[in-house]
Amino acid sequence: MYKNYQEFTKLNLKLDMSRGKPSPEQLDLALPLLKETGIADQIKSNGTDCRNYGIQLGLPEVREFFASLLDVPMNQVVVDGSSSLALMHDVIVFALLYGTPGGLPWRDDKPISFLCPVPGYDRHFSILEAFGIKMINVPLLEDGPDMDIVESLVSSDDSIKGMWCVPKYSNPTGTVYSLEVIKRLASMSAVSDFRIFWDDAYHFHHLTDERIAIANILDLCQVAGNPDRAIVFASTSKMTFAGAGLAVLASSIVNIDWWQKCVSVRTIGPDKLNQLRHLSFFQNTMSVDSLMDQHRAILKPKFDIVDSIFEQYLGKIDNISWSKPLGGYFIDLITPPGLAKRTIELAKNAGIILTPAGATFPYGIDPDDKHIRIAPSYPSIDEINLAAQGISLSLLQAMAEDNS
Ligand SMILES: Cc1ncc(COP(=O)(O)O)c(C=O)c1O
């Protein structure tokens with residue numbers, strides 16, 4: 001264990017921990033998808049030649065597969081492309097250009113704003129920033145966004161058209177939304193074209209034996225009389241291949257019809273060969289649960305090391321804490337106010353690249369400058385061990401500077 005920051009910098013490390021990417025070992029788990037699925041022999045699916053254009057919403061049997069995983073009727077599921085983030089982007093663009101069903105184009109209804117539970121996922125915020133949509137911070141509590149604030153804002157401000165939610169193992173805090181929060185989101189009063197972007201990116205990414213299940217937002221919206229309110233997004237980016245997996249969107253029939261109409265302008269149909277490969281992989285080679293158990297076996301020791309090293313260096317210091325996620329890809333390290341930026345700078349000088357300070361907040365501004373997103377998935381165990389020491393020593397050094 002290194003004892004001080006200066007000693008640590010002499011290691012001349014070069015470690016990039018800025019993004020939550022799967023490690024090469026994790027990607028190898030899905031190699032049978034390339035090697036063993038033999039799709040050259042099964043390019044036809046129910047009479048459809050999967051090498052050709054068409055089948056806008058995805059192959060029925062693949063939609064059925066995701067419908068059962070996400071507990072949604074098959075006709076409310078779309079499988080399209082490989083990036084759920086791209087689907088979220090497209091829904092926002094379509095809403096801006098054409099409006100959501102029954103509503104005006106959002107671009108004609110300016111100004112538009114979105115609620116952003118914070119800290120949150122930087123790329124969500126980048127989409128909104130790119131389109132000039134105003135972002136309103138809402139604190140993320142232990143069981144989800146602060147619903148008193150959310151309800152009071154959406155009921156009083158017509159400009160609020162949407163809200164990001166990462167309801168399970170949130171990026172970066174690991175937060176799991178409670179039933180109470182999900183019910184309130186589904187039933188609160190809001191403008192009719194208000195949409196919840198339910199980014200279920202970590203639905204299957206458990207770090208413990210317990211496969212936590214949360215309430216079904218689409219069902220609760222339906223029961224509350226707001227059937228079109230939520231759009232669910234997910235992908236296999238961190239199950240099979242990041243950037244070459246399958247992305248999924250699920251919502252009400254009305255929203256799916258709207259999606260189909262809008263998307264037919266931008267594509268003649270998705271990559272059905274990749275859909276076939278994935279179906280064959282999951283049904284014949286690897287069940288989802290067994291695959292995700294193998295991911296967990298690789299990831300969990302990395303999270304444990306960060307936790308144990310932080311405990312040794314930082315555990316007894318007031319005003320420092322970190323999340324202990326039960327799933328997902330991140331740990332949120334909370335420094336004393338005003339020290340996140342300096343800690344990240346010191347870590348960089350010691351060769352450890354972290355997500356920029358403020359990135360988990362809209363406009364890159366963490367008002368208290370205290371959140372650091374730690375992404376332990378990609379580096380090796382030895383690298384993580386060193387990085388966690390380096391981050392701890394950087395924070396201690398930042399505190400020492402602050403006190404001097
Ligand atoms: C919350 C969240 N949503 C979406 C994504 C990206 O998903 P995809 O690879 O399906 O575009 C990530 C990636 O880290 C994420 O953390």
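Would you please name the residue that is modelled with the highest pLDDT, looking only at residues in region 259-275 that are buried (at least 22 other Cβ atoms within 10 Å of the Cβ) and away from the ligand (no atom under 16 Å from the Cβ)? Once the filter is applied, the top-ranked residue is Trp259.
Residue by residue through region 302-331, note down the ones that are part of a helix (DSSP H, G or I) and within 24 Å of Val166 (Cα to Cα). Lys302, Phe303, Asp304, Val306, Asp307, listed by residue number. Leu11 passes every criterion in (1) assigned to a helix (DSSP H, G or I); (2) outside the structural domain of Ser251 (by TED's automatic domain parsing); (3) not aromatic (Phe, Trp, Tyr) apart from (1).
Within the set Ser23, Ser83, Ser68, Ser45, the sole residue that is under 26 Å from Lys348 (Cβ atoms) and of a type in the set (Gly, Ala, Ser) turns out to be Ser23.
Applying the criterion of being within 16 Å of the ligand (Cβ to nearest atom) and in a helix (DSSP H, G or I) to the residues of region 16-32, the residue that is surrounded by the most Cβ atoms within 10 Å (Cβ to Cβ) is Gln26.
If the condition is being within 12 Å of the ligand (Cβ to nearest atom) and among the acidic types (Asp, Glu), then region 97-136 contributes only Asp122.
How many residues, within region 169-184, are more than 10 Å from the ligand (Cβ to nearest atom) and closer than 21 Å to Leu70 by Cβ?
Residues meeting the conditions: 9.
Yes/no per residue for (1) within 23 Å of Thr285 (Cβ to Cβ); (2) in a helix (DSSP H, G or I); (3) more than 16 Å from the ligand (Cβ to nearest atom); (4) assigned by TED's automatic domain parsing to the domain that holds Ala213:
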| residue | (1), (2), (3), (4) |
| --- | --- |
| Ala40 | yes, yes, yes, yes |
| Ala67 | yes, yes, yes, yes |
| Asp90 | no, yes, no, yes |
| Ala95 | no, yes, yes, yes |
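Of the candidates Asp200, Asp193, the single residue that is closer than 21 Å to Thr360 by Cβ and of a type outside the set (A, V, I, L, M, F, W, C) is Asp200.
Checked against (1) within 15 Å of the ligand (Cβ to nearest atom); (2) within 22 Å of Arg63 (Cα to Cα), Ala215 meets all criteria but (1). One residue stands out in region 228-247 among those that are hydrophobic (A, V, I, L, M, F, W, C) and near the ligand (Cβ under 8 Å from one of its atoms): the one that is surrounded by the fewest Cβ atoms within 10 Å (Cβ to Cβ), namely Ala242. What number of residues within region 169-221 satisfy the criterion of being surrounded by fewer than 21 Cβ atoms within 10 Å (Cβ to Cβ) and in contact with a Cys (Cβ under 9 Å, 6 or more places away or on another chain)? Qualifying residue count, region 169-221: 2. Does Ser280 fit the bill of being more than 16 Å from the ligand (Cβ to nearest atom), among the small types (Gly, Ala, Ser) and over 24 Å from Tyr378 (Cβ atoms)? Yes, satisfied.
If you check Lys35 against the conditions, is it at pLDDT 85 or above, exposed (fewer than 15 other Cβ atoms within 10 Å of the Cβ) and more than 29 Å from Ala388 (Cβ to Cβ)? Against the criterion (at pLDDT 85 or above, exposed (fewer than 15 other Cβ atoms within 10 Å of the Cβ) and more than 29 Å from Ala388 (Cβ to Cβ)), Lys35 qualifies. Give the residues of region 71-86 that are of a type outside the set (D, E, K, R), within 12 Å of Ala250 (Cβ to Cβ) and either out of contact with any helix residue (DSSP H, G or I) (no Cβ under 9 Å at 6 or more places or on another chain) or away from the ligand (no atom under 16 Å from the Cβ) (or both), sorted by residue number. Val72, Pro73, Met74, Asn75, Gln76, Ser84, listed by residue number.
The values are calculated or read from the model by the stated rules, or taken from the named source; none is laboratory data. Everything numeric here is computed off the predicted structure, so don't read it as measured data. When we count neighbours, we look across all protein chains shown, and the Cβ atoms used for this are built from the backbone with ideal geometry, even at glycine.
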